[in-house]
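**Q** Can you keep this structure in mind? I'll have questions shortly.
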């Protein structure tokens, strides 16, 4: 028994040092290399300040719609729904989102709706949608705002965030930034 105590104490001390000291220092150092130096990106529009790394609800037809949120876009309650793909409540919710989307986008087939427009992200606060999700909404935006479709498509292309170093992650669009740029087209 004594032969296990000292190695256990040493392992505990090393683990405390690594995970309470070295790992946080490493993450902090990496964060300092980012453009915002580890702080949230803030966008001030008019008298309001927004955080670009948190999803916001855009349900007005004049705006690009965000990815659905399982927590009602409440940043203090970040979480997924924990409902699996075979859960009847979850399936009914996704079907309702599909039906709503189709009713606002005549001519769009169910198969053409990107999954990120009808399913919530794991955090429930994803600020991004896929480029395809933005493009599928372009016709509605063009029609409602009276902006030519090529101008809306160009706006989307200007807001596309490419993968990090061209390798990590998909191309995506920040919905808040896209809608702010959309309002700037007036």
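**Q** Identify, from the list 67, 62, the residue that is in contact (Cβ under 8 Å) with a residue 40 or more places away in the chain, in contact with a strand residue (DSSP E or B) (Cβ under 6 Å, 6 or more places away or on another chain) and within 15 Å of residue 176 (Cβ to Cβ).
**A** Working: 62 fails: in contact with a strand residue (DSSP E or B) (Cβ under 6 Å, 6 or more places away or on another chain).
Answer to the selection: 67.
**Q** Take the residues in the range 37-54 that are in contact with a helix residue (DSSP H, G or I) (Cβ under 9 Å, 6 or more places away or on another chain) and part of a loop (DSSP other than H, G, I, E, B); name whichever of them is modelled with the lowest pLDDT. Spell out how you get there, then give the answer.
**A** Here is the first cut: in the range 37-54, the ones in contact with a helix residue (DSSP H, G or I) (Cβ under 9 Å, 6 or more places away or on another chain) are 37-39, 43, 45, 50-52, 54.
Retained after the next criterion (residues that are part of a loop (DSSP other than H, G, I, E, B)): 37-39, 52, 54.
Numbers: 37: 81, 38: 77, 39: 80, 52: 84, 54: 86.
Restricting to residues being in contact with a helix residue (DSSP H, G or I) (Cβ under 9 Å, 6 or more places away or on another chain) and part of a loop (DSSP other than H, G, I, E, B), the top hit is 38.
**Q** One residue is enough: does the range 24-43 have a residue meeting the conditions touching a residue at least 60 places away in the same chain (Cβ under 8 Å), closer than 30 Å to residue 145 by Cα and under 19 Å from the mean Cα position of the chain (by Cα)?
**A** First, the residues of the range 24-43 that are touching a residue at least 60 places away in the same chain (Cβ under 8 Å): 43.
From the residues that got through so far, the ones that are closer than 30 Å to residue 145 by Cα too are 43.
Checking which are under 19 Å from the mean Cα position of the chain (by Cα) leaves us with 43.
The answer is yes; a qualifying residue exists.
**Q** While we're looking at this one, here's another question. Taking the condition of being surrounded by fewer than 17 Cβ atoms within 10 Å (Cβ to Cβ), part of a strand (DSSP E or B) and either touching a helix residue (DSSP H, G or I) at 6+ places or on another chain (Cβ under 6 Å) or not assigned by TED's automatic domain parsing to the domain that holds residue 131 (or both), how many residues in the range 151-186 meet it?
**A** The total comes to 1.
**Q** Scanning the range 102-131 for residues that are without any contact (Cβ under 8 Å) to a residue 24 or more places away in the chain and crowded, with 16+ Cβ neighbours inside 10 Å, which turns out farthest from residue 50 (Cα to Cα)?
**A** Among residues in the range 102-131 that are without any contact (Cβ under 8 Å) to a residue 24 or more places away in the chain and crowded, with 16+ Cβ neighbours inside 10 Å, the one farthest from residue 50 (Cα to Cα) is 113.
The values are calculated or read from the model by the stated rules, or taken from the named source; none is laboratory data. Since this is a predicted model, take the numbers as computed values, not measurements. Quick reminder, even Gly has a Cβ in these numbers, built from the backbone with ideal geometry, and neighbours come from all protein chains shown.
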